[in-house]
Amino acid sequence: MKPTLAPFPATRLRRLRSSKGLRNMVCENTITPHDFIWPIFVMDGTNTTEPVNSMPGVMRRTVDLLADAAREARDLGIPAICIFPYTDSSLKTEDCAEAWNPDNLSNRAVRAIKDAVPEMIVMTDIALDPYNINGHDGYVRDGVIVNDETVEALVKMALAQANAGADILGPSDMMDNRIGAMRTALEAEGQQNVAILSYTAKYASAFYGPFRDAVGASGVFKGDKKTYQMDPANSDEAMRLVERDLTEGADMVMVKPGMPYLDICRRVKTEFGVPTFAYQVSGEYAMVQAAAQHGWIDRDAVMMESLMAFKRAGCDGILTYFAPAAARLLNS
Ligand code: PBG
């Protein structure tokens, strides 16, 4: 039962805000570098970085530079890195076979990070879009994104990533039945400790624009992803997806994008009480950076406030391009 507040002036809610010490004592949420998963873009080549123009401060880097990034993350207290490959257009095909090549860019990146910093948690992305000639997350047959055939390909991709050493698989494709199919295959392959962080409530969002630049998918992609990603108008549907993914064997669930969908984060945490993550996506990052570059907002303050908002909404962790900058600030 909620206690009734004594009437003013017995109750003065400003009392507990009156000094830093008191504010710290009653602070309801905290954030530490342990809450972050750092998404990193990788590309072919050696000893090279390339800025992502639509994401100021973010770069693509070659596999040989990942050891440094992994040590940087470790030294900052960031427990996990999520890999996204910039796949050369010559490797994009209709059958997406590069997706399960054991030596593809993503799998080489996993090995490079695990070799350099074995305790670093490495997460991967499962969807066909980096390898698909038309930029979709699934196979396209007569203009339709087909489900079951795509899931078979995703399972091959999942196994290749697990065998490369990935600790967490992140299916971001939004096909039906992919979690169950991957879980069964992982068990059969003896990969019972590979975790699945499902992109469960992934919305068909315009906030992904800069990401598609970063992975070189904007050129080829036409149309939209509305037949598989969620309608931004829906909230109950997200709860059905969470329930479905959990019953299929997901260990953790994700809401994506993040800031415009904090209501979904809160519902997931309250209704299911499972490990819940949010992805503060490329467009959210770009908005903050762009406004800060104009001098319109204080970058560090807005960054930390936005990350705290995820914790307050019930998230256990956040995938964020701000991970190293925020961790540096928290550690200083
Ligand atoms: C691909 C994928 C996307 C993102 C993560 N994995 C883009 C998309 O679905 O089109 C977006 C990440 C971001 O915007 O930061 N399946």
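Per residue, how much space in cubic angstrom lies within the convex hull of the C-alpha atoms of region 253-318?
Each residue corresponds to 64 Å³ of Cα convex hull volume.
Would you report the distance distribution of C-alpha pairs in region 1-132 as whole percents per 10 angstrom bin, up to the bin with the largest distance?
Result returned by the calculation: 11, 30, 23, 11, 11, 10, 4, 0.
Once the Cα atoms of helix 66-76 and of the chain are each reduced to a long axis, what angle between those two axes, in degrees from 0 to 90 to the nearest 10, is obtained?
20 degrees
Mind giving me the FRET efficiency for residue 44 and residue 24? R0 is 51 Å, r the Cβ-Cβ distance, nearest 0.05 is fine. Please report the intermediate quantities before stating the final value.
On the way: r = 48 Å, r/R0 = 0.94.
Efficiency computed from Cβ-Cβ geometry: 0.60.
In region 158-266, which GluC sites (Glu not before Pro) are in a loop and have at most 16 other Cβ atoms within 10 Å, using DSSP for the loop call? All intermediate terms of the calculation are to be shown ahead of the outcome.
Values: sites: 187, 189, 237, 243, 248; in loops: 189.
Filter output for region 158-266: 189.
Give me the number: length gained by fully extending residue 93 to residue 4, i.e. 0.36 nm times residue separation minus the C-alpha to C-alpha distance, one decimal in nm.
Details: separation 89, 0.36 × 89 = 32.04 nm, distance 6.46 nm.
Computed gain between residue 93 and residue 4 is 25.6 nm.
What ranking do 36-42, 210-216 get when scored by the average of other Cβ atoms within 10 Å per residue, highest first?
Numbers: 36-42: 24.4, 210-216: 21.0.
Highest mean packing first, the order is 36-42, 210-216.
What pairs in 114/311; 92/226; 114/202; 20/311; 202/222; 2/202 have C-alpha atoms more than 25 Å from each other?
Values: 114/311 28 Å; 92/226 22 Å; 114/202 28 Å; 20/311 20 Å; 202/222 19 Å; 2/202 35 Å.
Check vs 25 Å cut-off fails for 114/311; 114/202; 2/202.
Report residue 321's accessible area, 1.4 Å probe, all protein chains in place, as a number in Å² to the nearest 10.
Accessible area, nearest 10 Å²: 10 Å².
GNM, the chain, Cα, under 10 Å: largest mean-square fluctuation among 57, 143, 314?
In the Gaussian network model the winner is 143.
Based on alpha-carbon centroids, what's the gap between region 1-48 and region 61-84 in Å, whole number please?
So the separation of the two Cα centres works out to 26 Å.
Hey, how many Å between the Cα centroid of region 155-202 and the Cα centroid of region 281-318?
Each part's Cα centre sits 29 Å from the other's.
Could you rank the peptides 25-34, 107-116, 93-102 by their average count of other C-beta atoms within 10 Å per residue, with the highest value first?
Working: 25-34: 11.8, 107-116: 20.7, 93-102: 16.8.
Put in order of decreasing packing, that is 107-116, 93-102, 25-34.
I'd like the FRET efficiency for residue 64 and residue 32, computed as 1/(1 + (r/R0)^6) with the beta carbon distance as r and R0 of 30 Å, rounded to 0.05. Don't jump to the answer; show the numbers that get you there.
Numbers: r = 30 Å, r/R0 = 1.00.
Computed FRET efficiency for residue 64 and residue 32 comes out at 0.50.
Using alpha carbons only, how many degrees (0 to 90, rounded to 10) separate the axis of helix 282-293 from the longest principal axis of the chain?
Helix 282-293 and the main axis of the chain meet at about 60 degrees.
If each DSSP helix of 4+ residues adds -39,500 (n - 2.57) and the sum is divided by the residues in the chain, what number results at 222 nm, nearest 500 deg cm²/dmol? Intermediate results must be reported in sequence, preceding the final value.
On the way: 11 runs with 123 residues, N = 332.
Per the formula, -11500 deg cm²/dmol.
Between the helical axis of 105-116 and the dominant principal axis of the chain, each derived from Cα atoms, what acute angle in degrees is found, rounded to the nearest 10?
Long axis of 105-116 versus the principal axis of the chain: about 60 degrees.
Let me check I have the definition right: for the chain, take the eigenvalues of the Cα gyration tensor, multiply each by 5, take square roots. What are those semi-axes in whole Å, largest first? Show your work: numbers first, answer last.
Values: eigenvalues 237, 111, 76 Å².
Whole-Å semi-axes of the equivalent ellipsoid: 34, 24, 19.
The values are calculated or read from the model by the stated rules, or taken from the named source; none is laboratory data. As the structure is a computational prediction, the values presented were derived from the model and not from experiment. Don't worry about glycine lacking a Cβ; one is built from the backbone with ideal geometry, like all the others, and counts go over all protein chains shown. Please note that ligands, DNA and RNA were not included when accessible areas were found on the heavy atoms of the full protein model with its side chains. Shrake-Rupley method; radii C 1.70, N 1.55, O 1.52, S 1.80 Å.
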